[in-house]
Amino acid sequence: MKVVTIGRNPGNNVVINDPLVGRNHCQIIQDDYGKFSLVDNNSTNGTFVNGQRRQGQICLNPSDIVRIGNTNLPWMSYFAGSTVGGGATMISPGGGGGGYSPPPPPQTMPPTYLWQSIVVTILCCWPFGIPAIVNASRVQKRFMEGNYSGAEQASSSAKTWSIVSLVLGIIILIIYIIYYVIVGAAMFMG
């Protein structure tokens, strides 16, 4: 059995200089039968496999993409013999250990539309502003989890609900103005 420890602590087999990575973030284990598993050590920011946050111990397939912090790990290369039982491999975001440079996230975070959602909820039409706020609050969480399409979807929904709330708020305001003009004219006439 081979165990590769990963984290910020210099005592790990793979050291990642990233503030989002815990001191002893996770382990990747290869059992005597050649099967791989990943164990998250209750890290604060989580360990992601194929974009999904994982906790506890899970089985890994060679094609799985493991990400912790801002780093996608070339985890299969750790079992080539150079890092297990030997010196530590150093990885820093933007830099590289052993010629490896982790790729940046595939996209920038989409806009959250949070302040717009709050404004239209307060000033326009709150029943439609609340879903805007809910979706706006999901954008950053999904993006940080690596769920980029989910972040885009939440951003789009927040924008749509904000626009709906604004339009309905304007329509309601126009109806009130027309109503009070008619009522005022009726009172003036008679």
Q) Of (1) closer than 30 Å to Ile133 by Cα; (2) buried (at least 20 other Cβ atoms within 10 Å of the Cβ); (3) at pLDDT below 85, Val21 satisfies all except one. Which? A) (3)
Q | Every pair of residues 6+ apart whose Cβ atoms lie under 9 Å, when the first sits in the stretch 129-145 and is farther than 28 Å from Ile68 by Cα while the second is open to solvent by 30 Å² or more (accessible area, probe 1.4 Å) and not in a helix (DSSP H, G or I) | A | Ala132/Tyr113
Q | Residues within the stretch 24-36 that are open to solvent by less than 60 Å² (accessible area, probe 1.4 Å) and under 23 Å from the mean Cα position of the chain (by Cα), tallied | A | 4
Q: Report the residue count in the stretch 42-53 for those that are open to solvent by 40 Å² or more (accessible area, probe 1.4 Å) and not in a strand (DSSP E or B).
A: 4
**Q.** Residues that are over 25 Å from Asp64 (Cα atoms), among the small types (Gly, Ala, Ser) and out of contact with any helix residue (DSSP H, G or I) (no Cβ under 7 Å at 6 or more places or on another chain), drawn from the stretch 146-190
**A.** Ser156, Gly184, Ala185, Ala186, Gly190
Q.
Just the residues that are at negative phi, modelled with pLDDT of 50 or more, surrounded by 15 or more Cβ atoms within 10 Å (Cβ to Cβ) and assigned to a loop (DSSP other than H, G, I, E, B), please, taken from the stretch 95-117.
A. Met109, Pro110, Thr112
Q. Going through the stretch 54-70 one residue at a time, which ones are in a strand (DSSP E or B) and open to solvent by 100 Å² or more (accessible area, probe 1.4 Å)?
A. Gln57, Cys59
Q. What about Val120, is it surrounded by 18 or more Cβ atoms within 10 Å (Cβ to Cβ) and either among the polar types (S, T, N, Q) or under 36 Å from the mean Cα position of the chain (by Cα) (or both)?
A. yes
Q: For the stretch 31-41, enumerate the residues that are within 24 Å of Lys141 (Cβ to Cβ) and either part of a loop (DSSP other than H, G, I, E, B) or among the charged types (D, E, K, R) (or both).
A: Asp40, Asn41
Q) Do you know which residues across the stretch 71-91 are assigned to a loop (DSSP other than H, G, I, E, B) and either modelled with pLDDT of 60 or more or on the phi > 0 side of the Ramachandran plot (or both)? A) Pro74, Ala80, Gly81, Gly85
Q) Applying the selection to the stretch 123-173, what residues are under 16 Å from the mean Cα position of the chain (by Cα) and open to solvent by 80 Å² or more (accessible area, probe 1.4 Å)? A) Arg138, Gln140, Lys141, Met144, Ser149, Glu152, Gln153
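The values are calculated or read from the model by the stated rules, or taken from the named source; none is laboratory data. On a predicted model such as this, the values are computed, not experimentally measured, just so you know. Using ideal geometry, Cβ is built from the backbone for each residue, glycine included, and neighbour counts are taken over all protein chains shown. Keep in mind that these areas ignore ligands, DNA and RNA; they rest on the heavy atoms of the full protein, side chains included. Shrake-Rupley method; radii C 1.70, N 1.55, O 1.52, S 1.80 Å.
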